[in-house]
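For reference, the structure discussed in these notes is given below.
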Amino acid sequence: MIVLGLETSCDETGIAIYDTRHGLIAHRLYSQIAVHAEYGGVVPELASRDHVRKTLPLIHEALAEAGITVSDLDGIAYTSGPGLVGALLVGACFGRSLAWALGKPAIGVHHMEGHLLAPMLEDNPPPFPFVALLVSGGHTQLVQVDGIGRYTLLGESLDDAAGEAFDKAAKMMGLPYPGGPALSKLAATGDDKRFAFPRPMTDRPGLDFSFSGLKTFTRTKILALAVDGVLAGTDKADIAAGFQAAVVDTLSLKCKRAMQQTGIKRLIIAGGVGANVRLREQLRVTAEAMGGAVYYPRPEFCTDNGAMIAYAGAQRLAAGQCSDLAVAVVPRWPLVDLPAVAHSVDA
Ligand code: ATP
Ligand code: MG
Ligand code: FE
């Protein structure tokens, strides 16, 4: 089965083609970073318009890369939520209409299921069950995954998502958008022990997170150290290092707890913050010390991409699931509401 995947939930236009016999056969990504950088964050209306401009050219490029035509497609998958409503509607309109014109099935894919299944695109995919740490711009969740669509929420952030905390802290420090990658690059040059950043909610039981306190701590340090509103280079680097270490330690401790609580030794990391080198390394050490293993997508498949949507859509279409003819999106959509898939089909 050959499935075209469209991702347009936020500020990346991702188009990919997944073949259940041969794996990923095309992958195109266009990031709108340059469009939003001057505003310091995603401007929803500009995002929608840019998706309109890019979706069709990227579909043509992906088909050419795969060496196929639209008539070779067996189905179309598009992100139908959660995300920005206007941006989602672009992918849903293109995907749903193209499938209708071709007389092929279409399926609206849950963006976080896409992230969660992204490690399946790698050479050594994790067998079920596993614990998933979903860390992205809008979500921080620990999920027990017993199969596709068999998800149990173990814990989540009570306020900011981890990626959002990275972005907000970076903005306070005057780093360019998107803040996460910029902050982590700076952190590599800093002293992570100089400032005693808290490890929020680690001193009490449970698997929930809270990151807004780290923001406040960061602001307090900046105000204390800045001279005429300007931070010295070493101060900035040390704040970045301390901030990153606090987020990574907190995530690691909760992952360890989740593995102990469930008795599951396999951990996957997905979502944009999963591209963070320090997080990847520390979680690998944590899992291996417990006799377990950690799995993650390649960094470019941690952040938004079409490959994860093509893969998740192919699983559901192969199981006979599909969406009706309406162009419908679900801006707020709990992951646990998804139906189960009996067997996965992997290349
Ligand atoms: P969601 O998936 O929850 O809807 P999103 O799609 O906007 O949100 P992603 O694209 O998965 O989020 O991830 C983007 C987030 O990842 C941003 O907050 C970004 O700062 C963060 N991020 C990306 N790379 C890194 C990194 N190396 N270190 C820390 N954070 C990072
Ligand atoms: Mg993005
Ligand atoms: Fe995402």
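Just a few scattered comments:
- Segment 240-270 and segment 30-72 have Cα centres spaced 33 Å apart.
- Alpha-carbon Rg/Rh ratio, for the chain, with Rh computed the Kirkwood way: 0.98
- At most 16 other Cβ within 10 Å, DSSP loop - GluC sites (Glu not before Pro), segment 119-172: Glu122
- Relative contact order of segment 238-341, defined on C-alpha pairs under 8 angstrom at six or more residues apart (%): 22
- Of the chymotrypsin sites (Phe, Trp or Tyr not before Pro) found in segment 1-95, those that fall in a DSSP loop while having at most 12 other beta-carbon atoms within 10 Å are Tyr39.
- Working from Cα pairs under 8 Å separated by at least six residues, relative contact order for segment 67-164 is 19 percent.
- Positive minus negative residues near Ser210 (Lys, Arg vs Asp, Glu; Cβ under 13 Å): -2
- Screening the chain for whole DSSP H helices with an alpha carbon extent of at least 30 angstrom along the helix axis and a mean Kyte-Doolittle hydropathy of at least -0.5 yields 44-66, 233-262.
- Kirkwood hydrodynamic radius of segment 40-113, from the reciprocal of the average inverse Cα-Cα distance over all distinct pairs: 13.2 Å.
- Considering only beta bridges that DSSP places wholly inside the chain, some 60 percent are antiparallel.
- The chain, relative contact order in percent, only Cα pairs under 8 angstrom and at least six apart counted: 26
- Net charge in the neighbourhood of Arg219 (other residues with Cβ under 11 Å of its Cβ; Lys, Arg +1, Asp, Glu -1) is +4.
- Per-peptide average of other Cβ atoms within 10 Å, ordering 107-114, 264-271 highest first: 107-114, 264-271
- Lysine pairs within segment 211-281, Cα separation less than 19 Å, 8 or more sequence positions apart or different chains: 4
Bear in mind these aren't lab numbers, they're just calculated from the coordinates by the rules spelled out. All values reported here derive from a predicted model rather than from experimental measurement. Heads up, the Cβs are rebuilt from the backbone with ideal geometry, glycines too, and the neighbour counts pull from every protein chain shown.
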